[in-house]
Every structure is written in structure tokens, then in C-alpha cells.
Amino acid sequence: MPSLPDYADVLAAAARIAPHAAVTPVLRSRTLDAMSGAQLHFKAEHLQRSGAFKFRGACNAVWSLDADDAARGVVTHSSGNHGAALALAARTRGIDCHVVVPEGAVAAKLANISRHGATLWRCEANIASREAMCAQIQQQTGATLIHPYTHPAVIAGQGTAAMELLQASGELDAVVVPVGGGGLASGTLLAARALAPACEVVLAEPAGAADTARSLAAGSLQPDFVPDTICDGLRGTLGQPDFALLSRGGAQAIVVEDDATVAAMRLLWQVLKQTVEPSSAIALAAVLAQPQRFAGRRVGIVLSGGNVDIDALPWGRD
């Protein structure tokens, strides 16, 4: 298992990515405060470069490489946001980037990857195929694998979003983040435990891919499941180092149905006037699903990304 990062690594990441990453705003809405019964602080990572928080971790990983490793390029597998982020991060350093993409990935996210200059490789839509293709590319090119959510530099980089949120908003009672592979979640936990030790770290997870909730409840990884959710960015299995950090840090998960996520996404578009994707809106959906838990509290919500395939949205379901 990769070594586990700590808050010192988050601080180092913040300094490393400062020339390249945006400091995204924290947004407020009186309407959404009233609907939730809480004071909500939205960290707008959909306004980050490449359209998602993923640029933070990818940028930190790319600029952590020594010159010889960087010259051979980087490779990853991704359903979209991490691939685009790594492609853009590689471009900031002038190195090659290879992205293995599963069949069925969102068209808008594929276009985003291509826009930033990566070489796309297609594979079957399962983790084994992704990893096999990455290994083949590594063998052919010598590229360094930058895993989407288990690489220590990626986790540390993702933690800078919560660090900025807590620095901008003051001490929060809870921070709610989406969880798929766990990079953002575990990075958030590192920042929260250092800056606001009493802050509750809450993970919003789709019911159709709820392996994190099961894993935390069981005390061990529960990776066997077939994802079935509109949240395409949250279909990955929780990583081992991410599980170690989250379980050790006392994170808790809220499982959310897709219909509730779509409803929250509509609110964010209509009320907050922000274009976010389902994998991002699920964090607000989790708060709205348990109003008594968050009532009267100061709650940070990380809006993780905004790369939406608009033509595929299920607006008509209701």
C-alpha cells in the first residue's frame, strides 16, 4: 500500500500548486440556508481549472516528479475528471500524458481530456482492464502511474480544497464531500483534523455505489459491487490508503438515492446559479436528506466538479 500522507504533505502541496491552481471562491445562499436549516458554505471546485477539484491532486503529483521521471511522462486511468486534470497538469510542465478511458465515459469529460492534449486509450469498463492497459503503457513508455485516488501526492493535493475552505470560512461544524475512490474525502479529513479537530467529516455516496459506507461499517474494504448510479465520477471502488485514513479519522457516510441527487443539482443550478455535475450535487443532497443532523450548524460543502453532459441529464424523471 502507498505511504499515507499527512497534513504536512497538504501544506507542501498548497505551496507546490500555487502557481498553477485557482483559489476557488466560497459561495453562500440565503435560500439554501433556509431550506436546509443550516449555514452552508459551498467551496466552488467546479470553477477550478479543468472543471474539478481533481486538478489539485494531479498538479501536485506532476510537479512532485523529478526531472528524469517527468521526462518520461505520466499515465492514469479515469472516467473523466482526473484524466482531464492530469492532462492539463502535464501540459503545465510540458510532458506527455496518457489517459486510459473506460467505454461509456461521459462525452463532455472525454472532450475535456482531449482538449488538454492527452493521448486517449480505450478499454473495457472495469478496473482490471483499466489497470492492465496502464501497465502496458508504462512498459512501453516508462511513464509514471498517477493513480486517481491512491497516490499520496494526489490525496495531499485534494486536501488543499478543504484547507482553503476552512481558512476562508472559519471553523466549521461539518464538511460534506462526495466519495468515490476516496482521494478528496481522505484529503479533506487530513485538512479538517489539523485545522478544525472537532469538525465532522461526512461523505456523500450514491446508493448504487455505496462501498465506502459498507466498508466503514464493516471495518474492512468491501470492494465487490456493480455500480449503478448517475454519479459517474463516484463509481470507483474506495482505495486502500483512503480507507485507512477515513476509518482512522472517524469519517461517516450518508448514502443518497439518485433522485435526491438530481433534485439537489437542479437547486444548485436554479438557486445558486452554478453548473455542477451529479457527482458534485450529491453533497448538498446528503445535507438535505438529513436536516436534523445539520440543523443550526455551520456546514462546508465541496462542490467537486462541473463537467456535465447536458444532453444526457434526466430532467424529465420527475
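The listed residues HIS20, HIS41, once ranked by accessible area (1.4 Å probe) with the largest placed first, stand as HIS20, HIS41.
Annotation: extensible slack from GLU103 through GLN139 equals 10.7 nm (criterion: 0.36 nm per residue apart, minus Cα-Cα distance). Of CYS134, CYS123, CYS231, the residue with the greatest mean-square motion in the GNM of the chain, using alpha carbon springs below 10 Å, is CYS123.
Using alpha carbon centroids, what distance separates the range 1-35 and the range 76-105, in Å? The two parts, judged by their Cα centres, are 20 Å apart.
Counting only protein chains, not ligands or nucleic acids, how are LYS43, LYS54, LYS273 ordered by accessible area (probe 1.4 Å), most first?
Ranked from most to least accessible, the order is LYS273, LYS54, LYS43.
Largest GNM mean-square fluctuation among ASP68, ASP33, ASP228, using the chain with Cα springs under 10 Å: ASP68.
Figure the gain on full extension for ASP33 and ASP68 (residue separation times 0.36 nm, minus the Cα-Cα span) and round it to one decimal in nm.
Details: separation 35, 0.36 × 35 = 12.60 nm, distance 5.03 nm.
So the extension gain works out to 7.6 nm.
The residues GLU277, GLU124, sorted by heavy-atom accessible surface at 1.4 Å with ligands and nucleic acids left out, run GLU124, GLU277 from largest to smallest.
Between PHE42, CYS134, LEU284, the Cα set farthest toward the positive side of the dipole of the chain (charges on each charged residue's Cβ, about the Cα centre) is that of PHE42. For the options SER186, SER79, SER36, a Gaussian network treatment of the chain with springs between C-alpha atoms closer than 10 Å singles out SER36 as fluctuating the most.
The stretch between ALA18 and GLN270, if pulled fully straight at 0.36 nm per residue, gains 87.5 nm over its current Cα-Cα span.
Placing unit charges on C-beta atoms (Lys and Arg positive, Asp and Glu negative, everything else neutral), compute the dipole magnitude of the chain about its Cα centre in debye, rounded to 20.
Numbers: 24 positive and 28 negative charges, 151 e Å.
With only Lys, Arg, Asp and Glu charged at Cβ, the dipole is about 720 debye.
The values are calculated or read from the model by the stated rules, or taken from the named source; none is laboratory data. What you are looking at is a predicted structure, and each value in this text was computed from that prediction instead of being measured. Cβ: placed from backbone, ideal geometry, glycine included. Neighbour counts: every protein chain shown. Accessible surface areas use protein heavy atoms only, side chains included; no ligands, DNA or RNA. Shrake-Rupley method; radii C 1.70, N 1.55, O 1.52, S 1.80 Å.
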